[in-house]
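Here the structure is laid out as structure tokens; the discussion comes afterwards.
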Amino acid sequence: MEDEAMFLKQYIQDIWGAIKSLATGMKRTGYYFTHHKEIITQQYPDNRDTLVLPERFKGEVVMIHDENNEHACTGCTACELACPNATIKIITKFDVDAETGKKKKAIDTFVYHLELCTMCNLCVEACPTDAIKMAQTFEHSVFDRSQLTKKLNKPGSKIRAGIE
Amino acid sequence: MWSLSNIAANIDQWLNANMSPTWALIVEMVIAGVAVIGLFAALGLVLVIMERKVSAWIQIRLGPNRVGPKGMLQSLADTLKLLVKEGMTPGGADKLLFNVAPFVAMIVAMLLLAPIAFAKDFQLWDLNIGVLYISAVSSISVISILMAGWASNNKYSLLGAMRSGAQIVSYELSAGLAVLAIVVLTGSLRISDIIQAQENGWWLFKGHIPVIIAFIIFIIAVTAETNRAPFDLAEAESELTAGFHTEYSGMKFALFFLAEYVNVFIVCAIGATLFLGGWMPFHIGNWHAFNGVMDWIPSSVWFFGKTFFLIFVIMWFRWTFPRLRIDQLLNLEWKYLLPISMFNLLLVTLIAIMGWHF
Amino acid sequence: MFEEVGTTTEGDLIINMGPQHPATHGVLHLVVTLNGETIKNVEPHLGYIHRSIEKMCESLTYRQFIYVTSRMDYLSAHINNHACAMCVEKGLQLEVPPRAQVIRVLMDELTRLASHELWWGAMAMDLGAFTPFFHAFREREVINDIMEETCGARLTMNYMVPGGVMHDLHPNFQQRVKDFLQLYKRKIHEYDELVTGNIIFQNRMKGVGIISPEDVISYGCTGPVARGSGVSSDVRKLYPYEIYDKLEFDEVLEDGCDSFARYMVRIREMQQSVRIIEQLIDNIPDGEFQAKTKAVLKLPKGEFYSKAETARGELGVYIVSEGGTTPYRIKFRSPGFSNLSALNHLVKGGKIGDLIAAMGTLDLVIPDIDR
Amino acid sequence: MGAASLIVLILAAIAFSAGAILIAKVVTKATKNKQKAEPYESGIPTRGPSWVQFNVGYYLFALLFLIFDVELIFLYPWAVAAKKVGLLALVEIIIFFFILFMGFLYAHKKGALKWK
Amino acid sequence: MTNEELKTTLGELAATAVIDEADANGWLTANIDASNWLSFAQSLRNVPELQFNFLFCLTCVDWKTHLTMVYHLRSTMHKHELVVKAKLDRTNPEIETVAHIWRTAEFHEREVYELFGVQFLNHPDLRLLILPDGWEGKKPLLKDFEDPINMIRL
């Protein structure tokens, strides 16, 4: 008889504990059901105007041009060497200095394959003249893969004076 | 006063006045058929958007909010999407069973609508064994699942079907015993009698703790019977991908989906009828002013209000609890729910015989 | 058609779970032999996401190869990078400035926290509870935002470089981490309410997937899997790196040997991570965040092995150098690979539901296993 | 409306289902290929037959259910009459349940309720 | 056990093993003959003073002229570590399995088998684990492996 009483007591205790634990969970979900202020989802395409990405966000590599359409790239290919994925290809040319008549190595085209880039930031770190940086753009999808191969130096741009 | 039963009576009168009785009956049948189909479709749309909104708010999300005002037409868009999906039949499947299974599921769900009282005097068939009819017909639903699972020629489906076979038949027992508690108290199997017996108070409040226990057992058992989480082992998503309807697509899948939701509605409607007084308004003893206000609310609103509250509770379960394991599921039934509900029935009988209820 | 029914006398059913299966979180392929609901054998088939990172690294320089390792165990990307950076530093005999060490440890612990958050949500989802997943992401998003601000990315940060870290901390970092800790402490009890205390959850986890301490060692399991069986295996305690030997934290050990013990290890580990972050967040020393290194790194001829404690266990990086600018051979001893090998042992004789529960507590990240 | 409503309901269900499936058939453009018709097993071709002799575990519960469901059917007429019959009904049902419970305990002791 | 003690114990245990000085990681390296590996492994695992119960890394290195199996062992009781290396023939690499001593070796050996082509004798289940079926023959991690389609040379 003792055993049965113990069993029955245990049985009821089990049920009580189970109901209590389930009720605790339901209380928590019930709380969120009634508290809509806690909702954390963002409405992505709608909030595009107010969306602020941190300045370090690595979206794509861009070349910095100032207002005179001048950049700081000397065409040293440090970034090309630093890149693990062959994302960057630099085509150089030789400018002839108008005053001295000396030939000077300069950048012709800075080819950037966004489709290969993994945003590892190693090229930006490697650049000795801070000519390139990571931009905050992130909506990269296009319909044609060839559009992802970009030319980073703007047409007609030239190297800023005094940068070696 | 405006009510569903008045409208029905008016239509009946008008038809009988203008046509021969046979034609009037046929037209009435057509109207009834169209009405239940409409109810079916509407229930599907409403319950799906309700499920999605409830889950979203519980999960600190917004939920669907693009189609229609506040996303309320989302399920309509989903239906349209399902309509243009190709209905596939897998190569090795048993074609006949595979295609018949959704029909069976729908017929069972539809048949269960017959004895439900949607409002005062508004009932398709008030048969004298209403409760027995419900428990008998609802047992057939397991056949559609077994058919679907077996015919698919898919191992996940087969496992899901087997699981739900063991599960539904087991939980049928405690659901039946919980229903019997009310039958004992009322002394009748007729749905209208059961509702009438709750004129001065719902059984949940009149019948002391045993009825509350019966109510809890009923809710648990019907959650399991309709294969809803945490008892959704038949379609346990993380184990059997989609269980018995893995191979179903397009409209055939939609029919299963719809049947599941309508089943949820029906069991909740039965729960509301048996324990919460069906369309009976909420009355408190001698507060005549209060009772008058309550009476003013249409009876159909009372019925749907109670039913949807129970549906909400079942959804609340789903979005809170993890799933049980198959042996635990059967343990719960055979070691806890069944003995408790048997013992509980004795207590209810004692209360009923001694007249201890209010 | 029906004649076939009688032919398999034993009634064994061979089911493919994965690569497209909701519970395998990625492309793990399990061939499960079932008898009814009982599992007779589980056999993993791998390689669906194998990129041969070890081979790729052989053609990358010592600066470049680190970024690839973010793609192994992407949930512990920082710690993978950290282990690799430490291995290169060992070869170069490079001293990392104290500020960089503290930043690294902070980032490691935040990563561990984020990883465990995701695991918690995903595991609850495996067991059929969907809500915890979203609640876990609420906290995890905050960590990801902090990471994004300082490292510039949310998942594959590539923040560790040989000799230190790539950037200095963002000025907002300290404040945001403190805010996060506030939030975390406010919400931590919900984890218990929703999942840990739940009777269904406990029944699903207790006594499931049992592995004895001897088997844990024999199978080479590390991390929370080993600690759930009471085997001390925390690299941070046993072989302290960076400043872990100066920090106050406990190695979490549970002796249940079952899924619930492994679950509790991770839950308690989150609290230890919070403890470490709290100790460090106000005590970040000033100074350099990166040691001066040559532009081209060359490791001397020899073999270098470094280990770190990722969220999943002990990650070993074994570099064989021939003195060049690229590693001659590199081997990642990934924790998931060894943990996965114990899966069959864990679930044999259990139910399908147990397989899901046990797999959830192994916390498998498939790219880590496939590499 | 009476029993005729059952016919209406069955016809309505069939009409609804068939209508939906037919509309879908008309609207969709079906393509056939061999891979599509294969059973879904996480993207891997299935091994061995799907229709196998199944573990007895599931059927045990079906058998148990059969016993108890018959008992449940007996209970319905009793439940209707219980209130009128009075205490005798309670005594009767206690005896009935006692016998049943003994059977249940026997099954339990025999391990029929243990999942194998 | 310190490295010095380890060295003497190992010397007594297997006279043929050549013990190198501690490497950059502070671990001794025991170079053994592939044919002695199984008995050496058994004694490493079972000798009470050694008790190397945790095989934490198992891999192979392709030296173009030969292969080297590398076993990293640790004792969780005595907290000491050891590296064991065994030289293998490149054309027909064969070594005894240790999957029954350290069960983690089963998966790791399968990995080495398919990536380097090392045959593990008496392995319980030596099949492809990572590579797709029908891959036999090409061993991706060997230095002379070429795959012009999937491998992009930078």
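The values are calculated or read from the model by the stated rules, or taken from the named source; none is laboratory data. Only a predicted model underlies this, so the values are computations on that prediction, with no experimental measurement involved. Cβ coordinates were reconstructed from backbone atoms using ideal geometry, including for glycine residues, and neighbour counts include every protein chain displayed. Only protein heavy atoms, including side chains, enter the accessible area calculation; ligands, DNA and RNA are left aside. Shrake-Rupley method; radii C 1.70, N 1.55, O 1.52, S 1.80 Å.
Some points to look at:
- Accessible-area composition of chain B, carbon plus sulfur, in percent [1.4 Å probe]: 72
- Exceedance of the 24 Å cut-off in Cα-Cα distance is limited, within the set C:Lys331/E:Lys138; A:Lys103/C:Lys298; C:Lys55/E:Lys79; C:Lys351/D:Lys36; C:Lys90/E:Lys85; B:Lys53/B:Lys206, to A:Lys103/C:Lys298; C:Lys55/E:Lys79; C:Lys351/D:Lys36; B:Lys53/B:Lys206.
- Mean-position separation - Cα centroids, the range E:72-137 and the range B:297-358, in angstrom: 58
- Total formal charge among the other residues, if their Cβ is under 15 angstrom from that of C:Glu95, Lys/Arg +1 and Asp/Glu -1: +2
- Peptide D:88-98 has a mean of 2 when you count, residue by residue, the C-beta atoms of other protein chains within 10 Å of its C-beta.
- Most to least packed among E:26-39, B:94-107, D:23-36 [average Cβ atoms within 10 Å]: B:94-107, E:26-39, D:23-36
- For chain C, the relative contact order is 26 percent, taking Cα pairs closer than 8 Å that sit 6 or more residues apart in sequence and dividing their mean separation by the residue count.
- Counting only alpha carbon atoms, the long axis of helix A:2-34 and the longest principal axis of chain A meet at about 40°.
- Protein heavy-atom accessible surface, 1.4 Å probe, per residue over chain A: 65 Å².
- The apolar share of the surface of chain C, taken as the fraction of accessible area on carbon and sulfur atoms (1.4 Å probe, ligands and nucleic acids excluded), comes to 53 percent.
- Here is the interface size for D with B: some 6400 Å² of accessible area buried, both sides summed, with a 1.4 Å probe.
- Computed log₁₀ I(q)/I(0) - Debye formula, equal Cα scatterers, no solvent, the range E:1-88, q 0.13, 0.16, 0.24 Å⁻¹: -0.37, -0.57, -1.34
- Per residue accessible area of chain B, 1.4 Å probe, in Å²: 35
- Computed Rg/Rh of the range A:66-164, alpha carbon atoms with Kirkwood Rh: 0.99
- Using bins of 10 Å that start at zero, the share of Cα-Cα pairs per bin across the range B:1-109 amounts to 11, 24, 25, 25, 12, 2, in whole %.
- Mean projected area (nm²) of the alpha-carbon convex hull when the range D:55-116 is viewed from all directions: 4.4
- Inter-label distance, B:Val84 to A:Val142: 3.0 nm, where each label sits 7 Å from its Cα along the C-beta direction.
- Treating r as the C-beta distance of E:Asp144 and C:Leu155 and R0 as 56 Å, the FRET efficiency rounds to 0.95.
- Remark: mean inter-chain Cβ contacts per residue of A:40-52 equal 2, using a 10 Å Cβ-Cβ cutoff to other protein chain atoms.
- A full extension of the chain between C:Glu248 and C:Asp286 corresponds to an added length of 11.6 nm, given 0.36 nm per residue minus the alpha carbon distance.
- The mean of 1/r over all pairs of different alpha-carbon atoms in chain B, once inverted, gives a Kirkwood hydrodynamic radius of 21.7 Å.
- Shielding score for B:86-92, defined as the mean number of other chain Cβ atoms within 10 Å: 6
- Under 19 Å from D:Lys29, Cα to Cα: lysines that are on another chain or at least 8 residues apart: B:Lys81, B:Lys85, B:Lys252
- Listed values for the range C:168-178 are Karplus-derived 3J(HN,Hα) couplings in whole Hz (6.51 cos²θ - 1.76 cosθ + 1.60, θ = phi - 60°), namely 7, 5, 5, x, 7, 3, 4, 5, 5, 5, 5, and x replaces Gly and Pro.
- Counting only residues at least eight positions apart within a chain, or on another chain, the lysines with an alpha carbon under 19 Å from that of C:Lys178 are C:Lys187.
- For the range C:49-370, the square roots of the Cα gyration tensor eigenvalues, ordered a ≥ b ≥ c, give a/c of at least 1.5 with a/b no greater than b/c, which places it in the oblate category.
- Placing dummy labels 7 Å off each Cα toward the beta-carbon, the span from B:Ser20 to A:Tyr11 is 6.6 nm.
- Using distinct alpha-carbon pairs, which all enter the 1/r mean, Kirkwood radius of the range C:263-363 in Å: 17.7
- Share of pairwise Cα separations in the range A:76-126, more than 18 Å, in percent: 39
- Descending semi-axes in whole angstrom, ellipsoid equivalent of chain D, from the Cα gyration tensor: 46, 30, 7
- Note on D:Gln35 and B:Gln13: their simple-model spin labels are 6.7 nm apart, each label 7 Å out from Cα toward Cβ.
- C-alpha long axis of helix E:37-46 to longest principal axis of chain E, angle in °: 50
- Spatial separation of Cα centroids for the range A:98-157 and the range C:60-137, in angstrom: 30
- In terms of packing, defined here as the mean over residues of other Cβ atoms within 10 angstrom, the peptides C:20-26, B:156-162 line up highest first as B:156-162, C:20-26.
- Cα pair distances exceeding 45 angstrom across the protein assembly as shown, given as percent: 46
- Computed Rg/Rh of the range B:296-358, alpha carbon atoms with Kirkwood Rh: 1.15
- Reciprocal mean inverse distance between Cα atoms of the range B:108-253 - Kirkwood radius, Å: 16.7
- Part-to-part distance (alpha-carbon centres) for the range C:199-243 and the range D:1-77, which is given in Å: 44
- Pairs beyond 19 Å (Cα-Cα), from A:Lys104/A:Lys158; A:Lys105/A:Lys158; A:Lys27/B:Lys70: A:Lys27/B:Lys70
- With contributions of -39500 (n - 2.57) from each DSSP H run of at least four residues, the per-residue ellipticity at 222 nm computed over chain B stands at -22000 deg cm²/dmol.
- For the range C:11-33, heavy-atom accessible area (probe 1.4 Å) falls by no less than 50 Å² from the chain alone to the full protein assembly at C:Leu13, C:Ile14, C:Ile15, C:Asn16, C:Gln20, C:Pro22.
- Normalised by 2.2 N^0.38 Å, with N the number of residues, the alpha-carbon radius of gyration of chain E equals 1.10.
- Calculated FRET efficiency for the pair E:His78/E:Glu4, C-beta based, R₀ 22 Å, to 0.05: 0.95
- Partner aspartates and glutamates whose Cα lies under 17 Å from the Cα of C:Lys185, excluding those fewer than 8 positions away in the same chain, are identified as A:Glu38, C:Glu109, C:Glu117, C:Glu139, C:Glu141, C:Glu193, C:Glu269, C:Glu278.
- Nonpolar atom fraction for the range A:60-156, defined as the carbon and sulfur part of the 1.4 Å probe accessible area, stands at 53 percent.
- Were the residues from C:Ala295 through C:Lys206 laid out at 0.36 nm apart, the gain over their Cα-Cα distance would be 26.6 nm.
- Within-13-Å neighbourhood charge of E:Asn3 [Cβ basis; K, R +1; D, E -1]: -4
- Coarse-grained scattering of the range B:44-104 at q = 0.29, 0.30 Å⁻¹, given as base-10 log I(q)/I(0) from a Debye sum over alpha-carbon atoms: -1.15, -1.19
- Choice from E:Glu12, E:Glu81, E:Glu94 showing the highest fluctuation, given a GNM over chain E with Cα pairs closer than 10 Å: E:Glu12
- The angle between the Cα long axis of helix E:104-116 and the longest principal axis of the Cα atoms of chain E comes to about 40 degrees, rounded to the nearest 10.
- Each peptide in B:32-44, C:27-39 receives the mean, over its residues, of other Cβ atoms within 10 Å, and ordering these scores from highest gives C:27-39, B:32-44.
- Environment charge of A:Ala82, counting only residues whose C-beta is closer than 12 Å and scoring Lys/Arg +1, Asp/Glu -1: -1
- A:Lys133-A:Thr41 FRET efficiency (beta carbon distance; Förster radius 25 Å; 0.05 resolution): 0.20
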